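Provided herewith is a single structure, encoded as structure tokens, for subsequent inquiry.
The values are calculated or read from the model by the stated rules, or taken from the named source; none is laboratory data. Not measured: the values here are computed from a predicted model. Counting neighbours? That spans all protein chains shown, and the Cβs are built from the backbone with ideal geometry, glycine included. Side chains included, ligands, DNA and RNA excluded: accessible areas come from the protein's heavy atoms. Shrake-Rupley method; radii C 1.70, N 1.55, O 1.52, S 1.80 Å.
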Amino acid sequence: MNTPISRIKGIGIKTEKILKEMGIVSYYDLLSYYPKGYDFFAGLVSVSEIRMGEDNCLRVKIISQPKLQYFGKLSTLNFYVADEMGMRIKITYFRQPYLAKVMVPGRRMIIKGRPYWKKNELHMSNPLVLSEEEVNQLKAMPLVARYSLKKGISEKKLKQYLTQIFAEFADKPPIEDYISDEICQKYDLLPLWQSYKLIHFPRQKADIDNARKRLVFDEFFFFQAGLRKPEQILANDFPVVKRELSQCFIKNLPFALTDDQAKTIAEIESDLISERRMTRLVQGDVGSGKTAVAFAVSVMMMENGYQVALMAPTEVLAVQHYIDAKQRLEPLGIQVALLVGSLLAKEKREIYTGIQTGEINFIIGTHALIQEKAIYSNLGLVITDEQHRFGVMQRERLSQKGAAEKLPHILVMSATPIPRTLALILYQDMDISIIKSMPAERLPIQSFLRSGAARDKIYRFMGQEIKKGAAIYIICPAIEDNEELELTGVISYAEALHQKYPDWKIAYLYGGQEDKEEVMNAFAGGEIDVLISTTVIEVGVNVPRATVMLVENAERFGLAQLHQLRGRVGRGHRQSYCIFISDAKDKGILEKLEYVAKHTSGFDIAEYDLKMRGPGDAFGVKQHGMPLLQLADLYRDLPILEMVQKAGAEIEDSAAMQEWLKLYYGGKKEILSI
Ligand code: ADP
Ligand code: MG
């Protein structure tokens with residue numbers, strides 16, 4: 001299972017590199033690179049038989065002259081097709097002007113795509129054109145897995161690699177199952193190896209559910225097996241004595257701490273001066289002010305001579321913390337450094353040196369980098385922001401020169417509301433602090449749900465807000481996990497808005513963008529009025545002057561995600577607004593969106609979401625952001641978690657189990673003790 005994927009035929013250096021970027025290095029990584037969903041080919045349909053929300057294949061004829069238009073660099077090609085009954089669909093191809101030549105009236109073809117309603121017309125964007133042969137293939141294999149991909153890796157290739165692995169171990173799986181046949185039978189679980197096969201190559205829909213059940217079982221099982229047992233208490237190697245500087249930091253804050261912030265800091269403080277190593281989770285809704293808590297206790301550690309590492313899940317967030325820390329902490333004599341992927345090699349080396357000599361006290365960065373090469377001189381506290389510690393356990397070992405035995409304190413900050421029952425199971429080994437109270441002067445955000453028809457009115461309102469000095473976010477959903485498409489969404493929206501309102505200062509932001517830091521700075525500093533962004537700004541970003549959040553296609557986001565997005569506004573003194581735009585027709589969807597618009601507590605929304613989510617949306621939006629739980633959904637899979645609690649006791653420790661555990665935790669056994 002640890003075999004490097006380069007062993008597979010057809011994977012050369014180039015492919016190996018792309019796969020690595022996707023987190024796939026070994027056979028195991030590839031096997032656990034699960035599909036993001038499945039396509040089911042239900043045969044060719046006519047327009048009247050179309051199923052919304054999924055791909056449909058139709059036999060159609062082009063019935064209008066294609067119209068090619070340009071908006072700046074973006075081209076759109078529009079025309080109508082009709083089925084044999086004469087029912088029409090409007091087709092749009094973005095960025096493929098050359099198709100104008102071949103999409104001629106009268107042409108018959110089979111198209112495949114996801115239809116949607118706009119202005120009372122059925123639309124399809126960028127549908128695929130299928131050959132008869134491709135349709136026959138679909139008929140033969142109607143259920144196919146779909147994956148998130150990177151440029152250079154196609155779905156076809158990915159499946160070829162998987163097929164090779166399954167062929168190589170056709171006779172005997174590489175590792176024995178650690179659950180005996182009896183227990184599998186008793187709890188109705190598939191053998192592990194078979195589950196891997198079926199999750200990628202299901203023959204029927206039931207295969208997916210069964211395979212998923214077994215794999216979720218394993219995720220929970222390994223996850224629990226990896227937890228530090230509550231009785232395993234480690235000594236505090238970084239005792240705190242001085243507290244003057246952190247008190248000074250708190251006094252200098254531009255606001256008074258809320259009661260819960262003060263209480264949380266006090267709880268952490270008593271951990272830090274105690275004889276036990278701290279592992280603590282701080283749960284607080286978006287905007288409750290977790291950063292100030294993190295900084296206050298960081299200062300406390302640093303004034304006692306220890307280093308602190310703060311890990312953020314995204315570069316945008318890391319940069320923002322860095323700017324904040326520089327401004328607040330450098331005047332106190334603290335050296336802050338930023339460690340992110342976009343730094344030059346030379347800059348990184350300098351920082352690594354500073355970390356090693358101890359010159360740098362506070363290291364802020366993304367997970368990946370903090371984990372990589374840094375050797376710390378005296379790392380006493382690791383803070384993970386907006387993510388669960390399981391990312392920490394999974395991959396990294398924060399190395400310490402000459403102090404390999406010393407394990408730093410761990411503080412995890414999370415805005416994911418987890419119902420209490422679940423928290424007790426998942427965090428049995430951690431102390432928990434909860435920040436419930438919101439900063440007092442905060443006005444509740446006013447939220448609205450509107451249809452696209454209201455857009456012009458909303459824009460006029462935005463114009464007024466901009467005149468008053470407000471900053472505005474507009475979120476566009478990622479159209480599939482396709483980088484290029486995602487990019488089109490945000491950029492073309494920005495272009496169109498710019499044409500409409502040339503006076504507004506507009507910018508866009510997306511995941512892989514190079515000048516992210518500059519854009520965020522400009523937005524925070526007031527040089528940009530409207531930031532059109534993907535969900536990269538979803539977690540943690542703090543720009544208090546932002547008072548309007550507009551979410552396009554709100555139905556494409558999970559409820560918790562919408563709540564997170566809304567949390568980006570309402571961070572200053574002024575009244576903030578959040579507008580969800582959706583043209584969804586489905587009543588159930590609209591009801592859910594309405595619920596989020598009417599409720600402000602993340603905990604309420606999480607409970608409601610749990611209640612409302614039916615079975616069937618197996619691969620629904622992930623709500624918890626725990627990297628070690630890839631397939632498992634904490635809410636929906638609660639029954640499996642409970643089963644693990646029960647079955648777990650019956651499963652005997654074996655060499656095979658240890659091997660699986662090691663694979664699951666990336667081979668780094670020592671991490672398990674964190
Ligand atoms: P989150 O808990 O979502 O990480 P942040 O730490 O980003 O929240 O804080 C959100 C905003 O609230 C920031 O602008 C911060 O300066 C401000 N803030 C934090 N604590 C207080 C407080 N006690 N009173 C007023 N404003 C506060
Ligand atoms: Mg935060």
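Considering region 534-582 alone, what residues qualify as being near ligand 1 (Cβ under 10 Å from one of its atoms), under 20 Å from the mean Cα position of the chain (by Cα) and part of a loop (DSSP other than H, G, I, E, B)?
539, 540, 541, 542, 567, 568, listed by residue number.
Same structure, new question: Hey, can you tell me all the residues within region 283-310 that are touching a strand residue (DSSP E or B) at 6+ places or on another chain (Cβ under 6 Å) and at pLDDT below 90?
Scanning region 283-310 gives 283, 284, 288.
Additional query: Which members of region 377-395 meet the condition of being more than 16 Å from ligand 1 (Cβ to nearest atom) and either within 20 Å of residue 271 (Cβ to Cβ) or modelled with pLDDT under 60 (or both)? Give the steps one after another, and end with the answer.
Filtering region 377-395 down to residues more than 16 Å from ligand 1 (Cβ to nearest atom) leaves 377-382, 389-395.
378, 379, 380, 381, 382, 389, 390, 391, 392, 393, 394, 395 - these are the residues of region 377-395 that are more than 16 Å from ligand 1 (Cβ to nearest atom) and either within 20 Å of residue 271 (Cβ to Cβ) or modelled with pLDDT under 60 (or both).
Report yes if some residue within region 278-294 is open to solvent by 40 Å² or more (accessible area, probe 1.4 Å), outside any strand (DSSP E or B) and either within 16 Å of ligand 1 (Cβ to nearest atom) or touching a Pro at 6+ places or on another chain (Cβ under 6 Å) (or both); otherwise report no. Steps first, answer last, please.
Pass one, region 278-294, residues open to solvent by 40 Å² or more (accessible area, probe 1.4 Å): 291.
After this cut, where a residue has to be outside any strand (DSSP E or B) as well, the list is 291.
Next, from what is left, pick out any that are either within 16 Å of ligand 1 (Cβ to nearest atom) or touching a Pro at 6+ places or on another chain (Cβ under 6 Å) (or both): 291.
The answer is yes; a qualifying residue exists.
Which of the residues belonging to region 295-334 are away from ligand 1 (no atom under 16 Å from the Cβ), assigned to a helix (DSSP H, G or I) and open to solvent by 10 Å² or more (accessible area, probe 1.4 Å)? First the steps, then the outcome.
Of region 295-334, the ones away from ligand 1 (no atom under 16 Å from the Cβ) are 300-309, 315, 330-334.
Filter once more, so that each one left must be assigned to a helix (DSSP H, G or I): 300-303, 315, 330-332.
Residues satisfying the conditions are 302, 303, 315, 330, 331, 332.
Having 2 or more residues that are open to solvent by less than 30 Å² (accessible area, probe 1.4 Å) is the bar; report the helices (runs of 4 or more DSSP H) wholly within region 90-200 that clear it.
Values: elements: 132-140, 155-168, 181-186, 192-200.
The helices (runs of 4 or more DSSP H) meeting that bar are 155-168, 181-186, 192-200.
Let's see how each residue does on (1) more than 30 Å from residue 508 (Cα to Cα); (2) assigned by TED's automatic domain parsing to the domain that holds residue 516; (3) in contact with a Phe, Trp or Tyr (Cβ under 9 Å, 6 or more places away or on another chain); (4) more than 16 Å from ligand 2 (Cβ to nearest atom):
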{"residue": "262", "(1), (2), (3), (4)": "yes, no, no, yes"}
{"residue": "271", "(1), (2), (3), (4)": "yes, no, no, yes"}
{"residue": "274", "(1), (2), (3), (4)": "yes, no, no, yes"}
{"residue": "289", "(1), (2), (3), (4)": "no, no, yes, no"}
{"residue": "293", "(1), (2), (3), (4)": "yes, no, no, no"}
{"residue": "298", "(1), (2), (3), (4)": "yes, no, yes, no"}
{"residue": "335", "(1), (2), (3), (4)": "yes, no, yes, yes"}
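Which of (1) within 30 Å of residue 141 (Cα to Cα); (2) at pLDDT 95 or above; (3) not charged (D, E, K, R) is the odd one out, the single condition residue 245 does not satisfy?
(1)
If you don't mind, there's one more thing I want to ask. Report every pair of residues separated by at least 6 positions or lying on different chains whose Cβ atoms are under 9 Å apart, first residue within region 579-595 and β-branched (Val, Ile, Thr), second in a helix (DSSP H, G or I) and open to solvent by 50 Å² or more (accessible area, probe 1.4 Å).
Correct list of pairs: 579/461; 581/455; 589/555.
When you scan region 1-73 for strands (runs of 3 or more DSSP E) that lie fully inside it, which ones turn up with 1 or more residues that are closer than 30 Å to residue 496 by Cα?
On the way: elements: 37-40, 56-62, 67-71.
Per the criteria, 56-62, 67-71.
Then there's this: Output the number of residues of region 235-270 satisfying the condition of being of a type outside the set (S, T, N, Q), under 21 Å from residue 431 (Cβ atoms) and not in a helix (DSSP H, G or I).
7
Which condition number in (1) more than 16 Å from ligand 1 (Cβ to nearest atom); (2) over 30 Å from residue 649 (Cα atoms) is the one that residue 216 fails?
(2)
Take residue 145 and tell me if it is modelled with pLDDT of 90 or more and in contact with a strand residue (DSSP E or B) (Cβ under 6 Å, 6 or more places away or on another chain). Write out each step before concluding.
Values: modelled with pLDDT of 90 or more: yes; in contact with a strand residue (DSSP E or B) (Cβ under 6 Å, 6 or more places away or on another chain): yes.
Taking the combined requirement at face value, the residue satisfies it.
Looking only at region 74-84, how many residues end up being closer than 28 Å to residue 143 by Cβ and either small (Gly, Ala, Ser) or in a loop (DSSP other than H, G, I, E, B) (or both)?
Count: 2.
Right, here's the next one. Can you tell me which condition residue 556 does not meet? The list is (1) closer than 27 Å to residue 593 by Cβ; (2) modelled with pLDDT of 90 or more; (3) surrounded by fewer than 20 Cβ atoms within 10 Å (Cβ to Cβ), and all the others hold.
(2)
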